[in-house]
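Participant: Attaching a single structure in structure tokens format; questions to follow.
The values are calculated or read from the model by the stated rules, or taken from the named source; none is laboratory data. No experiment lies behind these values; they were computed from the predicted model shown. As a convention, Cβ positions derive from the backbone with ideal geometry for all residues, glycine included, and neighbour counts pool all protein chains shown. Note: accessible area is taken over every heavy atom of the protein model, side chains too, but ligands, DNA and RNA are not part of it. Shrake-Rupley method; radii C 1.70, N 1.55, O 1.52, S 1.80 Å.
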Amino acid sequence: MPQLGLLPRRACAALLSQLLRPPCAYSPGVVHCHSQGTRDLSPQQMVVREKVLDLVVSCFKRHGAKGLDTPAFELKELLTEKYGEDSGLIYDLKDQGGELLSLRYDLTVPFARYLAMNKVKKMKRYHVGKVWRRESPTMVQGRYREFCQCDFDIAGQFDSMIPDAECLKIMCEILSGLQLGDFLIKVNDRRIVDGMFAVCGVPESKFRAIGSSIDKLDKMSWKDVRHEMVAKKGLAPEVADQIGDYVQCHGGVTLVEQMFQDPRLSQNKRALEGLEDLKLLFEYLTLFGISEKISFDLSLVRGLDYYTGVIYEAILLQTPAQAGEEPLSVGSVAAGGRYDGLVGMFDPKGHNVPCVGLSIGVERIFSIVEQRMKTSGEKVRTTETQVFVATPQNNFLQERLKLIAELWDAGIKAEMLYKNNPKLLTQLHYCENMGIPLVVIIGEQELKEGVIKLRSVASREEVAIKHENLVAEIRKRLSES
């Protein structure tokens, strides 16, 4: 290696940049890695993803939601100041002499903009789409800079807590359906949080900043959070200690009753409103049969600025500990809350539409499901092909093409090899490797007799079927399997 001191300054800088180049940096003519915090999904991963998304979306539809989609980017001014401290994580697009645009950070703000723009006063919608955040990605926890979100929201003026209770029921149905193991949904209310801060002596101008510190309690110890509030955010130590007494409280409806009796909190009007709503919420959750899954937790704050009422977050109590499986810490797997003031921010006259919703953290769920399949050695079929069209003879391409077209036209999922004269063994091996259950075999003998051989790949049994009965027989076999 040349000594840097003996090289001209420009050559020295060029050499250093070569030596320090990260492994994924651009080099012409080289196969490149994708951008940090993103990933490609293999066909096996796509199967897992589709399975999870199908379950989630079918639950949303069961509850009467309509589908909606919005653009991947929005006007920058519409996104800023909606996310508090997290606004710094928004991806801005390069100014090319037109509108200033940003990639969407979540699906909630675009939904609020849609409601205001189209003057929609009532809607129950679901939306599955990608969002982008410039955070430090930790791949092992299923956190990425580009990821998929699945949202369900109820917009409109309704009687208190009925839509909120349904959102929690949906979260329970999805997490139970995915069989991820035991889970708990923490619930709080933004008005109780603000009331708690007020009675503890937090200046109102610091509510959101202190709230975003408390929101880190699932990742940091109370000692570290307290230090951040006091040293970095200028909170008086005695105020931090009073907050500490509250945020360590969690329980069921009895804790709600207890807080009504709290000498300080019960003096705060907003906190009392929040407690009244939570008491009603627990009544509905009991009727839905899910109250044992819900915990009133005073440490839950949810960092986003737009929440105004009930807030909730689902956590897995542990990743299902199956033999030989590495424990996987995935944090929150679903979250949401009430945001009654967001639509008004987009409406020229400030007309509000009350909203409540939830978001399922599907990327984290994919991580768990993928890891479990890897551990169990479960083989994933990446195609849905039902029938393979084969021949033992040369020069039978025309017959195979006619036969496969017949199957496709009948709605049967079918494949064949793209060769004029494939070997029969090669064709049968392909079926075994791809998990294709049935093979139809056509040759000279079959053509002469007007029959087609139908072979079961698993049992290797073959039967001759009259050509005109083939589709019916295949359907019958598939319905039995």
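Participant: With the condition being farther than 24 Å from VAL343 by Cα and modelled with pLDDT of 85 or more, I'd like the helices (runs of 4 or more DSSP H) fully within the range 7-100 carrying at least 3 qualifying residues.
Facilitator: 43-62
Participant: Can you find, within the range 249-279, the residue that is most open to solvent (accessible area, probe 1.4 Å) among those that are in a loop (DSSP other than H, G, I, E, B) and in contact (Cβ under 8 Å) with a residue 12 or more places away in the chain?
Facilitator: Among those that are in a loop (DSSP other than H, G, I, E, B) and in contact (Cβ under 8 Å) with a residue 12 or more places away in the chain, it is ARG264.
Participant: All but one of (1) at pLDDT 90 or above; (2) outside any helix (DSSP H, G or I); (3) touching a Pro at 6+ places or on another chain (Cβ under 9 Å); (4) more than 20 Å from LYS186 (Cβ to Cβ) hold for HIS351; which doesn't?
Facilitator: Of everything listed in (1) at pLDDT 90 or above; (2) outside any helix (DSSP H, G or I); (3) touching a Pro at 6+ places or on another chain (Cβ under 9 Å); (4) more than 20 Å from LYS186 (Cβ to Cβ), HIS351 misses just condition (3).
Participant: Search the range 169-193 for residues that are under 16 Å from ASP54 (Cβ atoms) and pair each with any residue that is buried (at least 23 other Cβ atoms within 10 Å of the Cβ) and aromatic (Phe, Trp, Tyr) when their beta-carbon atoms are under 7 Å apart and the residues are at least 6 apart or on different chains.
Facilitator: Close Cβ pairs satisfying both conditions: ILE170/PHE152.
Participant: Which of the residues spanning the range 193-246 are in contact with a Gly (Cβ under 6 Å, 6 or more places away or on another chain), open to solvent by 20 Å² or more (accessible area, probe 1.4 Å) and within 19 Å of LEU265 (Cα to Cα)?
Facilitator: The one that is in contact with a Gly (Cβ under 6 Å, 6 or more places away or on another chain), open to solvent by 20 Å² or more (accessible area, probe 1.4 Å) and within 19 Å of LEU265 (Cα to Cα): ARG208.
Participant: Taking the range 96-118 as the region of interest, how many residues are within 14 Å of LYS82 (Cα to Cα) and not hydrophobic (A, V, I, L, M, F, W, C)?
Facilitator: The number of residues fulfilling the criteria is 7.
Participant: Which one of the conditions (1) in contact (Cβ under 8 Å) with a residue 12 or more places away in the chain; (2) of a type outside the set (D, E, K, R); (3) open to solvent by 40 Å² or more (accessible area, probe 1.4 Å); (4) over 25 Å from GLU480 (Cβ atoms) does GLY443 fail to meet, given that it meets all the rest?
Facilitator: Exception for GLY443: condition (3).
Participant: Does any residue of the range 393-401 turn out to be of a type in the set (Lys, Arg) and open to solvent by 10 Å² or more (accessible area, probe 1.4 Å)?
Facilitator: The answer is no; no qualifying residue exists.
Participant: If you don't mind, another one. If I ask for residues that are of a type in the set (Lys, Arg), out of contact with any Ser or Thr (no Cβ under 9 Å at 6 or more places or on another chain) and not in a strand (DSSP E or B), which ones from the range 416-465 would you list?
Facilitator: Within the range 416-465, LYS423, LYS448, ARG460 qualify.
Participant: Can you tell me which residue among PHE207, PHE282 is in a helix (DSSP H, G or I) and modelled with pLDDT of 90 or more?
Facilitator: PHE282
Participant: Of the conditions (1) at pLDDT 95 or above; (2) closer than 16 Å to ASN188 by Cβ, LEU304 clears all except one; give me its number.
Facilitator: All conditions are met except number (1).
Participant: Let me ask another. Being over 17 Å from PRO43 (Cα atoms) and open to solvent by less than 80 Å² (accessible area, probe 1.4 Å): is that true of GLN371 here?
Facilitator: Spelling it out, it is not the case that GLN371 is over 17 Å from PRO43 (Cα atoms) and open to solvent by less than 80 Å² (accessible area, probe 1.4 Å).
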